[in-house]
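Take this structure first; my questions come after.
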Amino acid sequence: MAVASISVSETPLVLYTLRRADDALILGHRLSECCGHAPMLEEDMALANMGLDLLGQARELYSYAAKVEGKGNDEDKLAYLRDVRQYRNLLLLEQPNGDFAHTMVRQFFYSAFADLYWRAMMKSSDPTLAAIAAKSEKESAYHLRHSSEWIVRLGDGTEQSHARAQAAIDHLWAFTGEMFEADASERGLIDAGISIDPASLRPQWLKTVADVVNEATLALPQSDWMQQGGRDGRHSEHLGHLLSELQSMQRTFPGATW
Amino acid sequence: MPKNAGTGKWRKLPNRIEGTVMATPNTPLWEVFIRSRNGLAHKHVGSLHASDATMALQNARDLYTRRGEGLSIWVVPSNAITASDPAEKGMMFEPAESKIYRHPTFYEVPDEVGHM
Amino acid sequence: MYTQALNTSDADDRHIEDAARAAAFQARIDAEERIEPNDWMPAAYRKTLTRQISQHAHSEIVGMLPEGNWITRAPSLRRKAALLAKVQDECGHGLYLYAAAETLGASREELVDLMLSGKAKYSSIFNYPTLTWADIGVIGWLVDGAAIMNQIPLCRCSYGPYARAMIRVCKEESFHQRQGYEIMVTLARGTEEQKAMAQDALNRWWWPVLMMFGPPDQASQHSDTSTRWKIKRFSNDELRQKFVDATVPQAQYLGLTIPDPGMKQNEAGHWEYSAIDWDEFKQVLAGNGPCNRDRMAARRKAHDEGAWVREAAEAYAEKRRHRQVAQAAE
């Protein structure tokens, strides 16, 4: 790698914003990998639309993080010049697309959370985050709608689709706990009304998810053991590969403008 | 599931490509109508494939309103539309053409009266 | 769109083509009337259009692949969003075009099957690889530029659904070429490495882009009837010349050299280009381009791996219909 990673002064608000920006970018990137390869052309359109929504969210969040940090970084430096340990996205979102059931279950678990999260964040005392939340909430609500419809169709479709959907739920379930966690650096933001306590969203999330999963004739795993680490930069092996692709141009051609 | 389910009386047309085998089953076809602004009627914009009405609506949203073209979408199964036959165009539409007295320009009003 | 489901009762006698009907049809074309799906049309007109529109649709869909190759590596978030939106647009254009082709009586499924089985063609240009980011610029600038040159006259094509699809496509595509040229301008103003990358991409794509307009006029088999039917308004060579004349000053602005040392401007102001290697064109069309096999494999893989998803959606719809019937009966 020709270019060294940047260093970021991670005040609580910078770190908080970066974590959400990384969520949006990594999931958006995963969806963008599907472009041209979806199970049907109509779904190609849908996946790209969701990907574009998430890329848009990522750009706004990175720009805000850069502004708050005030060290001359920008959206591209934050996205392209941080290494895997500096990325703070949820582990769920870096999981590979797998089959369409995995892609949709990942989308469903996250969108069911993001819809509640952004709606709550519209009341953030930070006006920029509140404005980003207002835009993102509508996007997430549609992502939830779309992915829910697919969960129901896959679960209550054919024997094969049912089995694949169940396998995806079983596989991805352990990554859902991380969405509801807040560490010490976020506690202060919650107390200041800048952030909301994600744990408070879990009952409603569980209800939304369970309702759809029931309608789909699928079942949620009994296990409540959850994977952790994404928020601290301890990722699965998948993220490094994703980043080496995402960042290849910026790393190969130092300082060039594209 | 029966081939062409949902497309109603789909039938082989004489000019279908010869010698092709129907390997992939057909998904029902839907016509899409979009209201671009409040105050305007829904307008036909095209068609698409979807397995059911809910997916048709979502597909229409993703395909036909990517640039803010719409405020409201209707989707209608293509086979629910009954159309007039172009071969009967004469019988259907030409009789109206001679009724010129239905149009304001047929009547003469003196210029002095002004706009009416 | 329409013909699949409507007015099929008299379909069986439609193919009885008598000379009077054919003459009336030609008269309508000559009077610049649009032909609509349920109108009588000669079998050959239907066949020609089905082939042309579906090939056009296949090209949009296969055309997603070379550019899609760079979505995950786009060098900035702005470029990434624009490229994803552009490639998605191409999918949308494929869908508009399949819908237009379906109005002629073929189903999208069977048209796609023809493509996947290798019987139907798509544009030769998409069988070349995208090796560097500059290729994304050149594709937007030249490939989309050539496509727009070809598509604008199609907005006035005699067949209504095709013309309407083209109007929508052209409207949406206006950003594609600008997107590509903007990438080229950025490269041209960049480092020596970036300039070299831009020149290399132009060198590799120039001749394949000229081939996009199809064989020279004296060798084109479909042109005569297509012109008579007003499916085609300009000949291959006319459009190619128009494209070259428009492109040369754009390349000059970028400080790039068109890889044709013999090129010169004639007295009428047109840029005369050297002979095109039509053997290469034939080879690529025959399946021997650098990426033919990869492109087909990618489309087949998406189709095959998507089968269980499509089946699930159909099965669910069927179950729901049964449940609704059962509920209504209670």
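Quick one: Cα centre-to-centre distance for segment C:127-168 and segment A:91-169, in angstrom?
Answer, in whole Å: 35.
Run the simple label-point estimate for B:MET91 and C:ARG233 please: 7 Å along Cα→C-beta, distance reported in nm.
The modelled label-to-label distance comes out at 3.7 nm.
Once you list every other residue whose beta carbon is under 10 Å from the beta carbon of C:SER54, what net charge do they have if Lys and Arg are +1 and Asp and Glu are -1?
+1
Cross-link partners among lysines for A:LYS67, C-alpha distance below 28 Å, same-chain residues fewer than 8 apart left out?
A:LYS77, A:LYS123, A:LYS135, A:LYS138, C:LYS80
Given the options C:PRO75, C:PRO215, C:PRO259, which has the most mean-square fluctuation in a GNM of chain C, springs set between C-alpha atoms less than 10 angstrom apart?
C:PRO75
Ok, one more. Can you pull the accessible area of B:VAL113 for me, 1.4 Å probe, Å² to the nearest 10?
80 Å²
Now, a different point. Calculate the FRET efficiency for C:GLN26 and B:ILE100 from the Cβ-Cβ distance with a Förster distance of 45 Å, rounded to the nearest 0.05. Each step should come with its number before you reach the end.
On the way: r = 31 Å, r/R0 = 0.69.
Once rounded, the FRET efficiency stands at 0.90.
Also, quick follow-up: Could you give P(r) for segment A:114-258, binned at 5 Å from zero, as whole percent values over all Cα-Cα pairs?
2, 8, 12, 15, 16, 17, 14, 9, 4, 2, 0
Something else now. Accessible area of A:THR208, 1.4 Å probe, to the nearest 10 Å²?
Here the accessible area works out near 30 Å².
How much length would be gained if the chain were fully extended between C:ALA328 and C:GLU33, taking 0.36 nm per residue of separation minus their Cα-Cα distance, in nm to one decimal? Before the final figure, lay out the partial values.
Working: separation 295, 0.36 × 295 = 106.20 nm, distance 4.79 nm.
Roughly 101.4 nm would be gained on extension.
Relative contact order for segment A:161-240: what percent, with Cα pairs under 8 Å and sequence separation of 6 or more? Mind dumping the intermediate values first?
Numbers: 47 pairs, mean separation 34.3, N = 80.
Normalised by residue count, the contact order of segment A:161-240 is 43 percent.
Given 0.36 nm per residue, what is the gain on full extension from B:TYR107 to B:HIS44 after removing their alpha carbon distance, in nm? Let's see the in-between values first.
Values: separation 63, 0.36 × 63 = 22.68 nm, distance 3.53 nm.
Result for the pair: 19.2 nm of gain on full extension.
Hey, what do the phi angles of segment A:39-45 turn into as Karplus ³J(HN,Hα) couplings, whole Hz, using 6.51/-1.76/1.60 and θ = phi - 60°, x for Gly and Pro?
Along segment A:39-45, the couplings run x, 8, 4, 4, 6, 4, 4 Hz.
Once phi is turned into ³J(HN,Hα) by the Karplus curve 6.51 cos²θ - 1.76 cosθ + 1.60 with θ = phi - 60°, what whole-Hz value does each residue of segment A:65-76 show in order, with x for glycine and proline?
Computed from phi, the couplings for segment A:65-76 are 4, 5, 5, 4, 5, x, 10, x, 6, 9, 4, 6 Hz.
Right, another one. Using a 7 Å offset from Cα along Cα-Cβ at A:SER9, what residues in segment A:66-101 end up with backbone N under 12 Å from the label point?
Output list for this probe position: A:67-73.
Would any residue of segment A:71-108 have its amide N under 20 Å from a label point 7 Å out along Cα→Cβ of A:THR257? List them or say none.
Residues A:71-81 qualify, since their backbone N sits under 20 Å from the label point.
Based on DSSP H runs of at least 4 residues, each adding -39500 (n - 2.57), what is the mean residue ellipticity at 222 nm of chain C after dividing by all its residues, to the nearest 500 deg cm²/dmol? Walk me through the intermediate numbers first.
On the way: 13 runs with 207 residues, N = 330.
Computed ellipticity for chain C at 222 nm equals -21000 deg cm²/dmol.
When only DSSP loop residues count, what trypsin sites (Lys or Arg not before Pro) in segment A:44-145 have their Cβ near at most 13 other Cβ atoms within 10 Å?
On the way: sites: A:ARG59, A:LYS67, A:LYS71, A:LYS77, A:ARG82, A:ARG85, A:ARG88, A:ARG106, A:ARG119, A:LYS123, A:LYS135, A:LYS138, A:ARG145; in loops: A:LYS71, A:ARG82, A:ARG88, A:LYS123.
Listed in order of number, the matching sites are A:LYS71, A:LYS123.
Follow-up. Just in segment C:219-280: which GluC sites (Glu not before Pro) are loop by DSSP and have at most 15 other Cβ atoms within 10 Å? Can you show the working numbers first?
Values: sites: C:GLU238, C:GLU267, C:GLU272, C:GLU280; in loops: C:GLU267.
In loop regions of segment C:219-280 (DSSP not H, G, I, E or B), the sparsely surrounded GluC sites (Glu not before Pro) are C:GLU267.
Sticking with this structure for a sec: Return the equivalent ellipsoid semi-axes of chain C as a descending list in whole Å, where each equals the square root of 5 times an eigenvalue of the C-alpha gyration tensor. Spell out each step's value before the answer.
Details: eigenvalues 277, 158, 56 Å².
Listed largest to smallest, the semi-axes of chain C are 37, 28, 17 Å.
Give me, ordered by chain and number, the residues 5 or more places off B:VAL45 or on other chains with an amide H under 5 Å from its own placed amide H.
The answer is B:VAL32, B:PHE33, B:ILE34.
Where the centroid of each part is defined by its Cα atoms, how far is segment B:61-116 from segment C:19-51 in Å?
If you average the Cα positions of each part, the centres end up 24 Å apart.
Related question: If the cut-off is 21 Å between C-alpha atoms, which lysines fall inside it for C:LYS242, apart from same-chain ones fewer than 8 positions away?
C:LYS171, C:LYS230, C:LYS232, C:LYS264
So who's got an amide H within less than 5 Å of the one on A:ILE194, skipping anything under 5 residues away but keeping other chains? H placed 1.01 Å off N, in plane.
Distant-sequence amide H within range of A:ILE194: A:SER125.
From the alpha carbon gyration tensor of segment C:222-330, can you work out the equivalent ellipsoid semi-axes (sqrt of 5 times each eigenvalue) and give them in Å, largest to smallest? Don't jump to the answer; show the numbers that get you there.
Values: eigenvalues 532, 87, 52 Å².
Working from the Cα gyration tensor, I get semi-axes of 52, 21, 16 Å.
Taking the inverse of the average 1/r across all pairs of different Cα atoms in the protein assembly as shown, what Kirkwood radius in Å do you get?
Details: mean 1/r = 0.0359 Å⁻¹.
Mean inverse Cα-Cα distance, inverted, gives 27.8 Å.
Suppose R0 equals 41 Å; then what is the FRET efficiency for A:ILE190 and B:GLU69 from their Cβ-Cβ distance, rounded to the nearest 0.05? Don't skip to the answer; put the middle values down first.
On the way: r = 41 Å, r/R0 = 0.99.
With R0 = 41 Å, the Cβ-Cβ based efficiency is 0.50.
How far apart, in nm, are two points set 7 Å out from the Cα along the Cα-to-Cβ line at C:ALA268 and at B:ARG37?
About 4.5 nm, to one decimal.
In debye, nearest 20: dipole of segment A:1-107 around its Cα centre with unit charges on the Cβ of K, R (+) and D, E (-)?
Details: 11 positive and 16 negative charges, 101 e Å.
Computed charge dipole of segment A:1-107: roughly 480 debye.
What is the angle, in °, between the Cα long axis of helix C:292-329 and the longest principal axis of the Cα atoms in chain C? Nearest 10 is fine, range 0 to 90.
Roughly 30 degrees, rounded to the nearest 10.
Run the reach check for C:LYS301 against lysines, Cα to Cα strictly under 24 Å, same-chain hits fewer than 8 apart removed. What comes back?
Excluding near neighbours in sequence, the set is B:LYS3, C:LYS86, C:LYS119, C:LYS121.
Taking 8 Å as the Cα distance limit and 6 or more residues as the minimum spacing, I'd like the relative contact order of chain A as a percentage.
Working: 366 pairs, mean separation 65.5, N = 258.
Reported relative contact order: 25 percent.
To the nearest 100 Å², how much accessible surface do chains C and B cover up together, summed over both, with a 1.4 Å probe?
Working: alone 17140 and 9880 Å², together 23080 Å².
The C and B chains share an interface burying roughly 4000 Å².
May I ask for the distance between the Cα centers of segment C:276-330 and segment A:183-235, given as a whole number of Å?
36 Å
Another question, then. Considering every pair of different Cα atoms, what Kirkwood radius, in Å, is found for segment A:99-179?
On the way: mean 1/r = 0.0747 Å⁻¹.
Mean inverse Cα-Cα distance, inverted, gives 13.4 Å.
Let me ask you something else. Under 19 Å from a label point 7 Å along Cα→Cβ of B:THR82: give me every residue in segment C:296-330 with its amide N that close.
Output list for this probe position: empty.
Charges only on Cβ, +1 for Lys and Arg, -1 for Asp and Glu: so what's the dipole of segment C:83-240 about the Cα centre, in debye to the nearest 20?
Around 500 debye, computed over segment C:83-240.
The values are calculated or read from the model by the stated rules, or taken from the named source; none is laboratory data. Note that this is a predicted model, so its numbers are computed, not measured. Please note: Cβ atoms are built from the backbone with ideal geometry, for glycine as well, and neighbour counts cover all protein chains shown. Side chains are part of the model used for accessible areas, which takes the heavy atoms of the whole protein and leaves out ligands, DNA and RNA. Shrake-Rupley method; radii C 1.70, N 1.55, O 1.52, S 1.80 Å.
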